[in-house]
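Notes for the one structure printed next.
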Amino acid sequence: MARNIMIVDGSVPRRRVIASMIMANLSDAEVTEAKNAYEAWELLQRAQFNLILFFWEPSAEAWLNFFLRLKKHPTSNRAGAILLTTDTGFPYVKEALRAGVADTLTIPCGKLELTNAVNRVCNPVAFHQSPRHSLPGTTALLQQGSRSYHARVINVSLGGLLCEFDYIEDFSVTTPATINITFQHQEKQLTANGLYSIPIRFYVLDNNANYSPNRVRIAYRFAKLPMAVQDLFEQLFQFATEQERLLLR
């Protein structure tokens, strides 16, 4: 699962330089650009971001209002923020930190300083170790081109899933798949469709008499989760966690 990073700066050349530095040094980063707080807020309504890097606008009030709205937003309030500044001694730096900005970075800066700041606020290890959940009755339909394969989901997280099925010869273990997931939740079926996913591990559980694969498991990483799907996952995971706590009391 990629770390979705937004760069907000009125200077197009500066945005492009920062974006290039991030893309050149962080293999899991996906970068989006915005020119001001208004455009950044519009983007946050359409997609989920893990980190926002921004250069303070001439109007301090615009940024303060932006972060107050961000903290109240039901999903975007989890995004970390880094203030880009030419001088950490400016008065607005303290205002930004009070408003919820996680870190500051003085620019110009080197690639190492930039990537270290990104990793501090959006830690790659913690980000890619999403808690896994085993939800009874969950199934997946794996689609590779015109071919479809039905699978049982062993566990799922915000980062990906592990599923199991009877191996079919035309299935490709190296080809990405579009996955539709069906959850059984309180006597209802809930679906998450069209999740483009990359295979990362493949296991053979059982072989046929000729030693070809019979029953297999394959782990996928989600390339990107739409905001609506992430919200659904988090609701299901929260319910599962609460049920586990009740049973383990």
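The values are calculated or read from the model by the stated rules, or taken from the named source; none is laboratory data. Please read these numbers as outputs of a predicted model, since none were measured by experiment. Cβ coordinates were reconstructed from backbone atoms using ideal geometry, including for glycine residues, and neighbour counts include every protein chain displayed.
Residue by residue through segment 146-197, note down the ones that are part of a loop (DSSP other than H, G, I, E, B) and either among the basic types (Lys, Arg) or in contact with a Leu (Cβ under 7 Å, 6 or more places away or on another chain) (or both).
In the first step, residues of segment 146-197 are kept if they are part of a loop (DSSP other than H, G, I, E, B); the result is 146, 157-159, 167-176, 186-187.
Leu158 - this is the single residue of segment 146-197 that is part of a loop (DSSP other than H, G, I, E, B) and either among the basic types (Lys, Arg) or in contact with a Leu (Cβ under 7 Å, 6 or more places away or on another chain) (or both).
Does segment 201-249 hold any residues that are among the polar types (S, T, N, Q) and not in a helix (DSSP H, G or I), and which are they? Don't jump to the end; show me each part of the working.
So the first thing to find is which residues in segment 201-249 are among the polar types (S, T, N, Q), and the list is 207-208, 210, 212, 214, 230, 235, 238, 241, 243.
Passing the criteria: Asn207, Asn208, Asn210, Ser212, Asn214.
Residue by residue, here is whether (1) in contact with a strand residue (DSSP E or B) (Cβ under 6 Å, 6 or more places away or on another chain); (2) over 23 Å from Glu30 (Cα atoms); (3) surrounded by 12 or more Cβ atoms within 10 Å (Cβ to Cβ) holds:
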residue: Leu158; (1), (2), (3): no, no, yes
residue: His185; (1), (2), (3): no, yes, yes
residue: Tyr211; (1), (2), (3): no, yes, no
residue: Lys224; (1), (2), (3): no, no, yes
residue: Gln235; (1), (2), (3): no, yes, yes
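Looking at (1) under 27 Å from Gln235 (Cβ atoms); (2) at pLDDT 80 or above; (3) out of contact with any Ser or Thr (no Cβ under 7 Å at 6 or more places or on another chain); (4) in a helix (DSSP H, G or I), find the lone condition where Glu113 falls short.
For Glu113, the failing item is (1).
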